[in-house]
1. Hey, got the dipole for the chain? About the Cα centre, +1 on K and R Cβ, -1 on D and E Cβ, debye to the nearest 20?
2. Filter the cross-link list Lys259/Lys279; Lys21/Lys161; Lys22/Lys84 down to pairs whose alpha-carbon distance in this structure exceeds 31 Å.
3. Along Cα→Cβ, 7 Å out, is where each label goes; now give me the distance between the ones at Thr302 and Ala258 in nm to one decimal.
4. Highest mean first, what order results for 222-235, 127-140, 40-53 on Cβ atoms within 10 Å?
5. Enumerate the aspartates and glutamates that Lys276 could reach by cross-link, defined here as Cα to Cα under 17 Å, with residues fewer than 8 away along the same chain left out.
6. If packing is taken as the mean number of other Cβ atoms within 10 Å per residue, what is the order of 27-33, 97-103, 280-286, highest first?
7. Output the peptides 257-267, 295-305 sorted from most to least packed, where packing is the average of other Cβ atoms within 10 Å over each peptide's residues.
8. Stretched out fully, how many nm does the piece from Lys34 to Asp207 gain, at 0.36 nm a residue minus the Cα gap?
Amino acid sequence: MKNHAIIFMMLFTCIMYSQTKKNGTIYSEHPAIKVVENMQQALIKGDTLPLASYLTDDFKAFNGMANDPDNEGANKQNIINQSKWWKENFAYLSITRQGEAYPDVLEYKDSGIWVQTWDLLKGVHDKSGVKIDMPVHRLFVVDKDNKIKRMITYDDGWVWKELRERRNTRTNGTIFNQHENINKVLRMMSALEHGDADKAFSYFTEDARFTNLDMADGEFHTVAKEKEGFLGMLKSWTIESIDVRGYPDYLEYELDNAKVVQSWWTVRMARKSDGKKVKIPLMLTHRFNDDGMMTGETGYYTLQALSTK
């Protein structure tokens, strides 16, 4: 039986190897890599004369994310014009290899030399301030004269969408200075001022999250944890007043249907042990769901003043 198993494995291995076929060679070092990388630098810097010298006369560029079967691609002059656009409209442009990635040259038996790159494109759009910081993957076809014949680009289309949208002025919802959600924040803060934790935290959903400037990135408190911290603070401190500064705003956004109250406060407190007084400025944003319950609080404040001697 053992001999039969060995014979079977040998036959299986032979069958598997008989189904493979070598179609070329992969290089990590090749003259085509230098041409491709030089071409990309010229493209973003607006060096149109060197750029043109790297391209064949019948050069074509394609967006690898597009799905139009009739797309004929951008020609050599289109890419030269695009290079001018980069130079005229962006600051701090750079394109570098992404992390430890490096280009590969695939020399196929039938279809010639292809170069594939993984890069990081950075820059800032002059007019809109839109920041570009995205990976770019490209495929290039390089002919026997070491000139680029084809370029296929895969990148983050959302960046270009944002650029198009920022060409025009548009609204993104409504700002209220009087609204029931503002009233709830005022009632909640008044309850905190009077040490009524049960009432104050009743305005939040059970899964609400709380963050402030004293927390690490990604850290948050649950309702129970925030309530516990507040009651613990009251053992050592007395809240003398919580006064609103200016007036709260309620923002009802069109994008993502977000509902946010932002407010500004001054909290005056006294330490029970020695009567030391502190004044803490707060900026708070409270997120609301469609039922008018608060789903989260972001506090732009620090409680370090409470630890002073």
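No lab work stands behind these numbers, since they all come straight from the coordinates. The structure displayed is predicted, hence computed values, not measured ones. Positions of Cβ are generated from backbone atoms using ideal geometry, with glycine treated the same way; all protein chains shown enter the neighbour counts.
1. Computed charge dipole of the chain: roughly 700 debye.
2. With Cα atoms farther than 31 Å apart: Lys21/Lys161; Lys22/Lys84.
3. The answer from the label model is 2.5 nm.
4. Output ranking for 222-235, 127-140, 40-53: 40-53, 127-140, 222-235.
5. Partners within reach: Glu240.
6. 280-286, 27-33, 97-103
7. Values: 257-267: 17.5, 295-305: 15.9.
With the highest mean Cβ count within 10 Å placed first, the list reads 257-267, 295-305.
8. 56.8 nm
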